[in-house]
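Below you will find the structure I want to go over with you.
Taken together, the values in this text are just the output of simple stated rules run on the coordinates, not laboratory data. Since we're looking at a predicted model, the values are computed, not measured. Every residue, glycine among them, receives a Cβ derived from its backbone with ideal geometry; neighbour counts consider all protein chains shown.
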Amino acid sequence: MKKASPMPSDAEARAATSPAMAMPPGEPLRLERIEVLLFRAPADPPVQTSFGVMHERPALLIRAIGDDGASGWGEVWCNFPSGGAEHRARLARAYLPALACGRHWSQPQACFDEVSRRLEVLALQCGEPGPLAQIVAGLDIAIWDLLARRRGVPLCKLLAPELQRPGPVAVYASGLNPTDPQRLAAQRQAEGYRAFKLKVGFGAARDDANLAAVRAAIGPQALLMVDANQAWSLDQAVAAGHRMAGHELAWLEEPIRADAPLAHWSRLAQDQPLRLAGGENLAGLDRFEDFAAADGVSVIQPDVGKWGGLSACLQVARLAQRHGKCFCPHWLGAGIGLAASLHLKAAVGGSGMVEVDANPNPLRELLAQPPFVLEAGAVRLDDTAGLGVEPDLRAARRFLVNLS
């Protein structure tokens with residue numbers, strides 16, 4: 001078998017970095033109100049992971065509205081557990097307006113930092129740092145979108161003012177389930193995808209059979225990655241890396257727990273041949289700094305709706321590039337978060353790709369119109385202000401959840 005084209009090397013990633021990105025200059029922003037909208041659509045087929053199955057596709061949107069009438073959209077990660085989206089929606093309604101509205105903010109980072117700080121004790125008291133960080137991340141995205149719309153520029157240009165015109169943003173089809181994954185991979189390849197990621201962690205025999213089937217379906221030139229969703233122990237991950245190496249994989253994602261000691265990640269990188277990826281389940285710049293600086297993980301994957309929003313994930317991108325790592329934003333939700341991930345990657349530049357869920361999800365399209373156009377495995381953003389998309393609330397009304 002001819003080898004697939006690998007992901008760019010760490011040295012290539014370092015050489016491809018874009019110029020230093022600046023935060024936008026001070027621009028007074030006063031939020032008048034915040035709206036929280038939750039949607040649920042059936043997952044057909046269900047999304048299977050090594051730790052659980054998604055039978056529904058939730059989407060939690062945050063709309064930030066300024067005192068001048070300008071508004072922007074953000075999205076909160078809310079896939080697990082079942083019912084967790086409703087809980088996050090109620091947290092957002094209870095805390096975000098009280099903490100973010102009625103004050104003047106000089107820039108999105110200031111709001112992100114202050115609201116995060118004000119929620120720190122509550123996060124300790126209730127033992128829920130994740131959900132609270134996620135609603136702040138969604139608000140941060142909405143504020144960036146608001147400011148970019150107000151200025152009449154694409155959000156990626158607000159993130160990186162030196163950007164003349166965003167280049168094509170490479171994407172990959174993710175979330176290939178362990179049941180007949182080759183069929184979905186072939187469908188997405190026919191639509192223009194050139195890179196694919198398969199879910200593994202379902203037993204060696206099933207994983208190996210699926211890898212062989214997907215590789216046969218997409219051919220030797222396509223990029224193929226695997227995601228174990230933290231399924232294995234260190235020794236199991238070492239064995240899996242050796243077992244799967246013959247399929248010419250671009251990376252092995254989250255083979256062990258995200259909170260495993262960095263020494264375990266480093267040993268895993270040394271003791272098996274595949275490049276390692278992770279980051280969707282990390283939180284805090286210190287943790288990302290440790291991961292980026294260590295020799296274990298080559299591909300850094302923060303999720304803008306899970307922690308950090310655009311303000312902090314922009315800093316994670318800088319960390320990744322400073323240490324010569326590949327930067328690939330993670331996303332497996334609806335369309336607003338996907339658009340934010342595309343703009344983040346466009347602003348950052350360099351090597352890497354943005355994750356696009358290969359599974360059907362009506363909320364991906366309904367909540368972000370117009371849909372992106374894929375050409376030869378990449379998306380080119382246009383000059384539309386902000387995220388460049390709008391939720392079609394009328395069409396999505398049948399999926400709206402009543403939170404009263």
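Say R0 is 56 Å: what FRET efficiency, to the nearest 0.05, do Thr179 and Asp67 get from their beta-carbon distance? Display every interim value, and only then the final one.
Details: r = 51 Å, r/R0 = 0.90.
Efficiency at R0 = 56 Å is approximately 0.65.
Can I ask one more? Assign unit charges at the C-beta atoms only (+1 for Lys and Arg, -1 for Asp and Glu), then state the dipole size of region 29-153 relative to its Cα centre in Debye, rounded to the nearest 20. If you can, show how the numbers build up before the last one.
Numbers: 14 positive and 14 negative charges, 43 e Å.
The dipole of region 29-153 has a size of about 200 debye.
Could you give the nm distance between label points at Asp208 and Val53, where each point is 7 Å from its Cα heading toward the beta carbon?
2.6
Next up: Using 0.36 nm per residue, how much length does the chain from Gln236 to Arg257 gain when fully extended, once their Cα-Cα distance is taken away?
Values: separation 21, 0.36 × 21 = 7.56 nm, distance 1.20 nm.
So the extension gain works out to 6.4 nm.
Note down the magnitude of the dipole of the chain about its Cα centre, charges +1 on Lys and Arg C-beta and -1 on Asp and Glu C-beta and zero elsewhere, to the nearest 20 debye. Before the final figure, lay out each step's value.
Details: 41 positive and 43 negative charges, 88 e Å.
For this selection, approximately 420 debye.
Can you give me the Kirkwood hydrodynamic radius for region 29-153, using every pair of distinct Cα atoms, in Å to one decimal? Intermediate results must be reported in sequence, preceding the final value.
Working: mean 1/r = 0.0662 Å⁻¹.
Across region 29-153, the inverse of the average 1/r is 15.1 Å.
Taking a ≥ b ≥ c as the square roots of the Cα gyration tensor eigenvalues, with a/c under 1.5 meaning rounded and otherwise prolate when a/b beats b/c, else oblate, which class fits region 105-207?
Working: a/c = 4.05, a/b = 1.38, b/c = 2.93.
Oblate shape, in that a/c is at least 1.5 and b/c is the bigger or equal ratio.
Treating only the Cβ of Lys, Arg, Asp and Glu as charged (+1, +1, -1, -1), what charge dipole size does region 227-343 show about its Cα centre? Round to the nearest 20 debye. Kindly include the intermediate steps, with their values, before the conclusion.
Details: 9 positive and 13 negative charges, 42 e Å.
Using Cβ point charges on Lys, Arg, Asp and Glu, region 227-343 gives about 200 debye.
Of Gly201, Asn281, Ala385, which is farthest on the positive side of the dipole of the chain, counting Cα position, with +1 on Lys and Arg Cβ, -1 on Asp and Glu Cβ, and the Cα centre as origin?
My answer, from the dipole projection, is Ala385.
Moving on. Just want the answer: with Cβ charges of +1 for Lys and Arg and -1 for Asp and Glu, which residue in Gln134, Leu38, Gly102 is farthest toward the dipole's positive end in region 29-153?
Gly102
Would you compute, from DSSP H runs of 4+ residues alone, the mean residue ellipticity of the chain at 222 nm, taking -39500 (n - 2.57) per run and dividing by the full residue count, rounded to the nearest 500?
On the way: 14 runs with 158 residues, N = 404.
Computed mean residue ellipticity for the chain: -12000 deg cm²/dmol.
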